[in-house]
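Colleague: Structure below; questions to follow.
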There are 2 protein chains.
Amino acid sequence: MPATFPPAIFQSFAEKSDPANVAPRLEALRAQMTQAGVDGFLIPRADAHRGESVPPSEARLAYITGFTGSAGVAVIGPERAALFIDSRYTLQAPAQTDTTLVDVIEIGQGTTLGTEIGNYVPANGVLAYDPWLHTPAEIRELTERLAGRVTLRPVANLVDAIWTDRPAPPNAPITLRSDNLTGKSSAAKLEDLATALQAEGADAVVLNLPESICWLLNIRGSDVPNAPFVLGYATVDKDRNVALYVDSAKLTPERLAAIRPLADLVHPVAEFPAALEALGGAGKRVLVDPATAPEAVAAALKAAGATLVEKRDPVLLPKSRKNEAELAGMREAHKLDGIALAKFLAWFAQSAPTGALTEIAIVTALEAFRREEPTCLDASFDTISGAGPNGAIVHYRVTEKTNRTLAPGELMLVDSGAQYLSGTTDITRTMASGPATDEQRDRFTRVLKGMIAISMARFPKGTSGAQIDVLARQFLWQAGVTYNHGTGHGVGAALSVHEGPIGISSRYTLPLEAGMVLSNEPGYYKSGEYGIRIENLLAVRDSDVAPGFLEFETLTLAPIDRQLIDETLLLPPERAWLNTYHARVRTEISPHLTGEVKTWLEAATAPL
Amino acid sequence: MPATFPPAIFQSFAEKSDPANVAPRLEALRAQMTQAGVDGFLIPRADAHRGESVPPSEARLAYITGFTGSAGVAVIGPERAALFIDSRYTLQAPAQTDTTLVDVIEIGQGTTLGTEIGNYVPANGVLAYDPWLHTPAEIRELTERLAGRVTLRPVANLVDAIWTDRPAPPNAPITLRSDNLTGKSSAAKLEDLATALQAEGADAVVLNLPESICWLLNIRGSDVPNAPFVLGYATVDKDRNVALYVDSAKLTPERLAAIRPLADLVHPVAEFPAALEALGGAGKRVLVDPATAPEAVAAALKAAGATLVEKRDPVLLPKSRKNEAELAGMREAHKLDGIALAKFLAWFAQSAPTGALTEIAIVTALEAFRREEPTCLDASFDTISGAGPNGAIVHYRVTEKTNRTLAPGELMLVDSGAQYLSGTTDITRTMASGPATDEQRDRFTRVLKGMIAISMARFPKGTSGAQIDVLARQFLWQAGVTYNHGTGHGVGAALSVHEGPIGISSRYTLPLEAGMVLSNEPGYYKSGEYGIRIENLLAVRDSDVAPGFLEFETLTLAPIDRQLIDETLLLPPERAWLNTYHARVRTEISPHLTGEVKTWLEAATAPL
């Protein structure tokens, strides 16, 4: 009965852009290019803070091309323009832009961004870019790739010059996060950071990633959807002096009073350039992460006389090792999420056979169940709600246009998460809506066996996510199939749902350490037919098996659809793991349920 | 009855060096250093051809320090000297050198060669090295590490100046390998190489690795133990012109007549420097592998005006993909080896309970059984024959001094291999000599399960050895134990037993491809008690499971000791794999056996 739920607040299903806007905006932008004396302009999806979500005021790529995906870059040449996207967006991008004016090119299939961009700018031309929106590493690579053909030039953003109705920047209030939730005072974190800076031979660091700044200063905000971020910049020196630069709208006397301990160190962002100049003028050695910092920051520091120390943002690794308070918060969040999931899955089991459920109704219902919990602040990302063949589109996002009704018998893939005050969740379940085929049960069981193999893994300290990734894939590989995404990503504690620098895939070669939280989400996708993914979040912990060994604690608490399991493929230890897991879900969640939902959960978690 | 066998020819058990020689030789070398006006001299184990074995004329490290291991480097300073070794040699090195004069330092445990070397040369001193014995990458790294403290200077080798009784260089004859064994003519290989050079933008390549030269020219030799190498240098240009430079003793009219098709392109090595000068003088772009070429070659080319193209030796990857003829040869070699192994293991089963077997007797017997086959040309490395606690020393080599008698009940680890005319083998078996403990059977079974997991693996093209390594480790990790070596290395086809650029460990990130041959050798080592390793060789082949998938063919044919298996730990598919494997060993080997050995093999390969 989804119609009885209040409308979802977190996710919108409207078409967000109109291809008809592309032509006039391109024309206006090209006039700006001519005026600036340049032959091309780069428009990345990213803002200066590199998050997956950007505020409306930074959605330049969508403004010009219509494309609203979470990654991509456009190059606008004098005649032609191109939009470079990854395999997630091969369907969405051409549907959102005007393909008569913009070539949509998938990067990664034998094409390299740097090389392709060169085709859109005249030989010996000037390609302009906004140095706040690109990292030093990106600019270095582009410069190398385009050497001898095209010259790069930093400029003030040309899109902003034509964007007459540009929204104001976000000005959500900053809130303090208490030490009992963070587990460590900001003062103690700053002390560790100062020690790290000294070890790297740096006098200071400039931070631009909101996850680093929020974690370091124990603050949260709501400047972007899906992550409780405060957008801004921070500088920290090795004597633990810290300054935070944010939009001046955040600095009213009333708001400053609400964050009193921080008030002295918060400054309007207009003062940030002067701070960079001061660091340079004092000849400081300043740590800048070439992979994440704005090129504008690196250039300003160098121009003012600073020596750059190019290293990974020194907050990322400490932040990834969650302390006991953060883990307690994550466990609490997963219990709250487990209660919502039980209600949702029980509702789904009852409603799916009617044949009336739509993908949007499923998202709406899930959000409503989550919102019954008052500390649920947001979705941690737009829910992936894929019915039947839409489940095979790995990063599918339903819109009113694509909204599919789930036919009984089809598989339903739901990948969702929430931001609770206590922590961040991310869970995928794939459900049968009627009798499944033998092939579907075979594939589901192989995905499950991989998920269990990661869940049960023990490994010596020093082992990376790259090393254990194959444990999740081995059973699918035995059947000659695979999945084309990583097995797991890092997850923040009441921060972003995707965070580095660790994960489970061949890209992640840093050792896993106790306290790190990761997703474990193997899948299988049969194009045009169905998609399967099973995802739990895990926390790395010390193992009792031997000193120096680590293992995983499962955080996620929701039943896995037993109707989709081919029991003959499960080995005894796998069956034991599943039964133990389901018993734990029952023990932890069932006391918070009543009536039909409780009855449903007890049946759904009964031993195999 | 090992005493009835003829003495082993391939392996010597004598102590190879006398620490008493170290003092006078160091003194003479330091006099040379003074005369040359330098403050230190580097003596690596490697010769210019980077093989694991060096001819006696190149054994400078052993001549000066007494250390005969297969890897290491010494630095001789004015006062102190140091010998840097890896963890394989922590026992052997101090026993062979004079530790009152030479510090033995293990590299890799928080110590870096470049940094440590600096401690043996006075501040602002000159450290000399022979540029034929170091690669450009090594010299670059040392220069960086020692910057501001020590200056590096290439010199004519100072050891050679004092080595009055230095042996002559090897002058074994070159033999041609027929196209039906190589599967591809040298002309066709040269054509591929020319194409590769053009793709890399190079006009020519200089080769110094004997495996590359021997494979490319379809020649073999016996200049060093254990690998059928011809030592020399080759140049190849993009028009397929090739020249081979070898010791002039190899170029008698009689010998040239025996390799007639090659005669025109073989030159005395004395002409090699002029060839480098000619390439440089013509301003050629010359491919040099900075990881394996001599710095002297790179320096000579640059000095003469060449542009260096620094890339991996372009022969390594094509060579690693064995063709059908090479694979047929490898299969043949493994059948011959399997026959010898069956005889050996039957003999061991009968002899071990007597309590009279020594490690040397075991090596001698195994060699004798192999030498019954006339096409067995050499051992592919010195056999590792570890009784009881010696089995826990991963690269143990028995000498008359360490020779241990196998007490009934101890485990016996034998890692050995042979060079047959048809191909190269490498096999490890661990045998019980009496009732094993529960712990030993648990560990053996976990090692076996890992070995089987690799053997049964299927994986999509593009998968590297780094990705599948954990399949071999997972069962040991579950028990909180591990092994500190790679799971597998590449193996040559009638070439070196260790060859790059692929393998199974986190170091090897290149994709595995059909035709590549690898070892699969997980292990477990309990220091002071016992060692376990089980090793088969595998060839990568296309899998029938799905297009684009690969799997392994097992080449090695020898029983795995069933007495050491804890059957309760084996899952049904693992048991099925073992029974199928043993049935294959029986089918392929048993027809070549008679009498007691045949009876033994049939029992040893009976289904579990």
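Colleague: Return yes when residue B:476 is open to solvent by less than 10 Å² (accessible area, probe 1.4 Å) and closer than 24 Å to residue B:182 by Cα and no when it is not.
Modeller: Considered against the rule, which asks whether it is open to solvent by less than 10 Å² (accessible area, probe 1.4 Å) and closer than 24 Å to residue B:182 by Cα, residue B:476 comes out as no.
Quick grid of which residues meet (1) closer than 22 Å to residue B:498 by Cα; (2) of a type outside the set (D, E, K, R); (3) at pLDDT 95 or above:
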| position | (1), (2), (3) |
| --- | --- |
| B:33 | no, yes, yes |
| B:46 | yes, yes, yes |
| B:63 | no, yes, yes |
| B:69 | yes, yes, no |
| B:78 | no, yes, yes |
| B:89 | yes, yes, no |
| B:96 | no, yes, no |
| B:100 | no, yes, yes |
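Colleague: Hey, residue A:50 hits all of (1) closer than 19 Å to residue A:16 by Cα; (2) open to solvent by 50 Å² or more (accessible area, probe 1.4 Å); (3) within 19 Å of the chain's Cα centre (by Cα) but one; which does it fall short on?
Modeller: Here residue A:50 meets the rest and fails (1).
Colleague: Closer than 21 Å to residue A:432 by Cα, of a type outside the set (Gly, Ala, Ser) and more than 19 Å from the chain's Cα centre (by Cα): is that true of residue A:327 in this structure?
Modeller: For residue A:327, the condition - closer than 21 Å to residue A:432 by Cα, of a type outside the set (Gly, Ala, Ser) and more than 19 Å from the chain's Cα centre (by Cα) - is not met.
Colleague: Here is a follow-up. Return yes or no: is residue A:223 acidic (Asp, Glu), open to solvent by less than 50 Å² (accessible area, probe 1.4 Å) and in contact (Cβ under 8 Å) with a residue 12 or more places away in the chain?
Modeller: It is true that residue A:223 is acidic (Asp, Glu), open to solvent by less than 50 Å² (accessible area, probe 1.4 Å) and in contact (Cβ under 8 Å) with a residue 12 or more places away in the chain.
Colleague: Could you run through segment A:523-539 and say how many residues are within 14 Å of chain B (Cβ to nearest Cβ) and either farther than 17 Å from residue A:449 by Cα or outside any strand (DSSP E or B) (or both)?
Modeller: Adding up the residues that qualify gives 1.
Colleague: Another question about this same structure. Filter segment B:397-426 for residues that are surrounded by fewer than 22 Cβ atoms within 10 Å (Cβ to Cβ), closer than 15 Å to residue B:364 by Cα and without any contact (Cβ under 8 Å) to a residue 60 or more places away in the chain and give the result.
Modeller: Those that are surrounded by fewer than 22 Cβ atoms within 10 Å (Cβ to Cβ), closer than 15 Å to residue B:364 by Cα and without any contact (Cβ under 8 Å) to a residue 60 or more places away in the chain: B:404, B:405.
Colleague: At least 1 residues that are open to solvent by less than 50 Å² (accessible area, probe 1.4 Å) and among the hydroxyl-bearing types (Ser, Thr, Tyr) in each: list the helices (runs of 4 or more DSSP H) lying fully within segment B:275-360 that qualify.
Modeller: Filter on segment B:275-360 gives B:316-320, B:324-351.
Colleague: Taking segment A:530-546 as the region of interest, how many residues are of a type in the set (Val, Ile, Thr) and open to solvent by 10 Å² or more (accessible area, probe 1.4 Å)?
Modeller: 1
Colleague: What's the number of the only condition in (1) under 27 Å from residue B:486 (Cα atoms); (2) within 14 Å of chain B (Cβ to nearest Cβ) that residue A:502 fails to meet?
Modeller: Only one criterion is unmet by residue A:502, namely (2).
Colleague: A further question on this structure: Could you identify the single residue in B:518, B:448, B:471 that is touching a strand residue (DSSP E or B) at 6+ places or on another chain (Cβ under 7 Å) and among the hydrophobic types (A, V, I, L, M, F, W, C)?
Modeller: Just one listed residue meets the conditions, B:518.
Colleague: To continue, here is another question. Kindly indicate whether any position in segment A:226-245 is open to solvent by 50 Å² or more (accessible area, probe 1.4 Å) and within 24 Å of residue A:52 (Cα to Cα).
Modeller: No, segment A:226-245 contains no residue that is open to solvent by 50 Å² or more (accessible area, probe 1.4 Å) and within 24 Å of residue A:52 (Cα to Cα).
Colleague: (1) open to solvent by 10 Å² or more (accessible area, probe 1.4 Å); (2) in contact with a strand residue (DSSP E or B) (Cβ under 8 Å, 6 or more places away or on another chain): which one isn't true of residue A:441, the others all being true?
Modeller: Here residue A:441 meets the rest and fails (2).
Colleague: Still on this structure: Tell me the helices (runs of 4 or more DSSP H) entirely within segment B:64-173 that contain at least 1 residues that are open to solvent by less than 70 Å² (accessible area, probe 1.4 Å) and closer than 30 Å to residue B:270 by Cβ.
Modeller: Per the criteria, B:136-145, B:158-162.
Colleague: Further question on the same structure: Take the conditions part of a helix (DSSP H, G or I), farther than 25 Å from residue A:135 by Cβ, open to solvent by less than 20 Å² (accessible area, probe 1.4 Å) and modelled with pLDDT under 95 and apply them to residue A:262. Does it pass?
Modeller: Criteria met by residue A:262.
Colleague: Within the set of pairs 6 or more residues apart or between chains, which connect a residue that is under 25 Å from residue B:569 (Cβ atoms) inside segment B:459-474 to a residue that is open to solvent by 20 Å² or more (accessible area, probe 1.4 Å) and part of a helix (DSSP H, G or I) with Cβ atoms less than 6 Å apart?
Modeller: B:470/A:467; B:471/B:453
Colleague: So which residues in segment B:479-489 are among the small types (Gly, Ala, Ser) and surrounded by fewer than 24 Cβ atoms within 10 Å (Cβ to Cβ), if there are any at all?
Modeller: Matches in segment B:479-489: B:479, B:480, B:486.
Colleague: Ok, one more. Count, please, the residues in segment A:505-521 that happen to be in a loop (DSSP other than H, G, I, E, B) and either touching a Lys or Arg at 6+ places or on another chain (Cβ under 7 Å) or away from every other protein chain (no Cβ under 14 Å) (or both).
Modeller: The qualifying residues number 5.
Colleague: Moving on. Inside segment B:542-566, can you point out the residues that are more than 10 Å from chain A (Cβ to nearest Cβ), of a type in the set (D, E, K, R) and not in a loop (DSSP other than H, G, I, E, B)?
Modeller: Scanning segment B:542-566 gives B:542, B:553, B:562.
Colleague: For residues that are assigned to a loop (DSSP other than H, G, I, E, B), surrounded by 16 or more Cβ atoms within 10 Å (Cβ to Cβ) and of a type outside the set (Asp, Glu), tally how many sit in segment A:185-205.
Modeller: Here the count works out to 1.
Colleague: I would also like to ask the following. Answer yes or no as to whether residue B:397 is part of a strand (DSSP E or B) and either at pLDDT below 95 or over 11 Å from residue B:531 (Cβ atoms) (or both).
Modeller: In short, no.
Colleague: Name every residue in segment B:85-123 that is touching a strand residue (DSSP E or B) at 6+ places or on another chain (Cβ under 6 Å), of a type in the set (Gly, Ala, Ser) and under 14 Å from residue B:142 (Cα atoms), in order of residue number.
Modeller: If the condition is that a residue be touching a strand residue (DSSP E or B) at 6+ places or on another chain (Cβ under 6 Å), of a type in the set (Gly, Ala, Ser) and under 14 Å from residue B:142 (Cα atoms), then B:118 is the only one that fits.
Colleague: Considering only residues of segment A:547-589 that are among the aliphatic types (A, V, I, L, M) and loosely packed, with under 14 Cβ neighbours inside 10 Å, which is nearest to residue A:442 (Cα to Cα)?
Modeller: By that ranking, first place goes to A:571.
Colleague: Got a number for residues in segment A:449-484 being in a strand (DSSP E or B) and either within 7 Å of another protein chain (Cβ to nearest Cβ) or charged (D, E, K, R) (or both)?
Modeller: Final tally of qualifying residues: 3.
The values are calculated or read from the model by the stated rules, or taken from the named source; none is laboratory data. These numbers come from a predicted model, not from an experiment. A quick note on method: Cβ atoms are made from the backbone with ideal geometry, for glycine too, and the neighbour counts reach across all protein chains shown. We work out accessible area using only protein heavy atoms, side chains counted, and drop any ligands, DNA or RNA first. Shrake-Rupley method; radii C 1.70, N 1.55, O 1.52, S 1.80 Å.
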